[in-house]
Amino acid sequence: MKKTCTTYDKKIISEFVDNELSSEENKKISEHIKTCPICKNISEEYIQMSNAFVQRTSIEVEKINTGSLGENVLKQIKRKENGFSKKVFDYFSPKLYLKIASLVAIMVVSLIYFQAQPVNIIGPSAIVNSVDGNASSIMILETEKSKHTIIWFSET
Amino acid sequence: MIKILNMIIILSVACWVCLSPNMATAGDTVKTDVRIIHASQGPSYIDSKLEDLAAELGSVFKYTSYRLIKEKSMSLKNNQKGVVTLPGKRSLVVTPIRISGEKIKYQIGIFKSGDKIFGTQILLKNKRSITIGGPKFKDGFLLFNISGNVL
Amino acid sequence: MTSNTDNIEENDLVLRLKQGQEWAFNILVNKYQNMLLKIAYGITLDREESLEIVQDVFVSVYKNIKTFRQDASLSGWLRKITINTCLNWKRKWKRRFRWSHQSIEAKDETKLLRGSKDDKNPETIYREKQFEQLVMSNIKKLPEKIRVVFVLNTLEGLSYDEIARHLNIKKGTVSSRLHHARKLLLESIKD
């Protein structure tokens, strides 16, 4: 069986599937597809791929927990509104007791901070920039609890 | 009085920022610890030095036994290679190529009889580790746990 | 095509957003979150990133709503911001290089399929799922510029003209990129 159609190339079929051709061209190709198994197969495959992508994306998006999306967004917005410049402006208004309290807080925090710095376990322990070599397969994993990064490779 | 207090506060914050290790610019040396682990389905066993790691690995792998077969601690400067010989004519080469207060960029290669079987470039968070595996070894697999601590 | 009613509603919504009314913002989020999540997921193929991106998009919309000139539709504007945010996301540290293995036996997927009107036998469902997985894993390999065009065409159903306007490229380029996407996908699926 021939692998390519001699009348129409795949690009035209792609445009046909997307309904981007003129009504005249559309009609011609619709008729052609009825008798050309190659073009029929290509158009069906294009449609199947798009459908699979749409279907899969819908499934994946449904898994996303959007329950607190609006709430998180508003929190972020409020955090930015009560932002740095406003804080600095309020800070330099003449309120003596606030300033003394701030100074004490800075000193206390500094003492604690320089005593022991806790390890930051938020986020993955490592980011993998690149992999190479003769491994037949490579998998990159992250443990749930401490986000410890694991690279698993299979030797050939 | 208020002006003086404001100055004291600003200076305190500035000192804190400058002295904070997290704000340090590129460091010089990183303590790199490599632990070579034999993981297998054998009788249940966890090396006492691997207790921190075994729980995490256990959440991903089905191995019942984790034995520490070798460990090596190296103080590596930027672009200095650290080599660890491994069983089965293998070697692990770890090179820090960029060191900062927060992250260490490592180039890691695993070689067998001189041929590179696996290589990777990673960005490791300071005081964290990564585990790479696994060539077959005896009745199980080898895992390499690499941790970095900026000095 | 948006109807007159939709246009009035949209204009009203934009006006209230510009006035900073919080409830209007909640309506905006509820109305567009799904559409934007699909676009973000189509480009990044990562659920967590998609959620973070869409959150960032809404924050950006809130900050910049006063600059929205209403010469284009609100959905079009949101779409553009989402695409740009997705494309810029890679440069941030937040991006986690993580391969997630999607089991086709996952329980939650069975839940989603339960109650389907199609009376498909398990073998057909399995084959379809396999094909979907194959398509998704090969879409990941498409160059970004080509993937974005494919996403806008398949997920959003935009015409070549609309895609061209969104991305500031020529209509011919849209056609070429789509053709290229399909060609690459077919070749890698058949390998």
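Bear in mind that the values in this text are calculations on the coordinates, not laboratory data. Only a predicted model underlies this, so the values are computations on that prediction, with no experimental measurement involved. Neighbour counts run over all protein chains shown; Cβ positions are idealised from the backbone, glycine included.
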* Asked: How well do other chains shield peptide C:124-132, expressed as the mean number of their Cβ atoms within 10 Å of each residue Cβ?
  -> 3
* What order, most packed first, do the peptides C:139-145, C:183-189 have when packing is the mean number of other Cβ atoms within 10 Å of each residue? -> C:183-189, C:139-145
* Could you tell me how many degrees, from 0 to 90 and to the nearest 10, lie between the Cα long axis of helix B:2-19 and the main elongation axis, the longest principal axis, of the Cα atoms of chain B? => 20
* Test item: A:72-78 mean partner chain Cβ contacts at 10 Å -> 6
* Net charge of Cβ neighbours under 9 Å - reference residue C:164; Lys, Arg +1; Asp, Glu -1 -> +1
* Asked: Looking at the square roots a ≥ b ≥ c of the eigenvalues of the Cα gyration tensor of chain B, which shape do they give, rounded for a/c under 1.5, prolate if a/b is larger than b/c, or oblate?
  -> prolate
* **Alpha-carbon centroids, region A:1-63 and region B:39-73: separation in whole Å** => 53
* Structure fact -> In debye to the nearest 20, the charge dipole size for region B:26-150, taken about the Cα centre with +1 at each Lys and Arg Cβ and -1 at each Asp and Glu Cβ, equals 380
* Under a straight-distance cross-link criterion of Cα-Cα below 15 Å, which aspartates and glutamates are reachable from residue A:99, leaving out those fewer than 8 residues away in the same chain? -> A:90
* Asked: Past the 21 Å Cα-Cα mark, which pairs from A:28/C:183; A:147/B:72; B:77/B:136; A:10/A:34; B:72/B:105; C:80/C:171?
  -> A:28/C:183; A:147/B:72; B:77/B:136
* In nm, spacing of pseudo-spin labels at residue B:31 and residue A:30 (7 Å Cα→C-beta vector) -> 7.6
* **When each of B:103/C:140; A:63/C:31; A:11/A:40; A:27/C:170; C:38/C:141 is checked by Cα-Cα distance, pairs over 20 Å** => B:103/C:140; A:27/C:170
* Roughly how big is region C:122-190's charge dipole about its Cα centre, with Cβ charges of +1 (Lys, Arg) and -1 (Asp, Glu), in debye to the nearest 20? -> 320
* To do: Would you mind giving the mean number of other chain beta-carbons within 10 Å of the Cβ of each residue in A:136-149, as a whole number?
  => 5
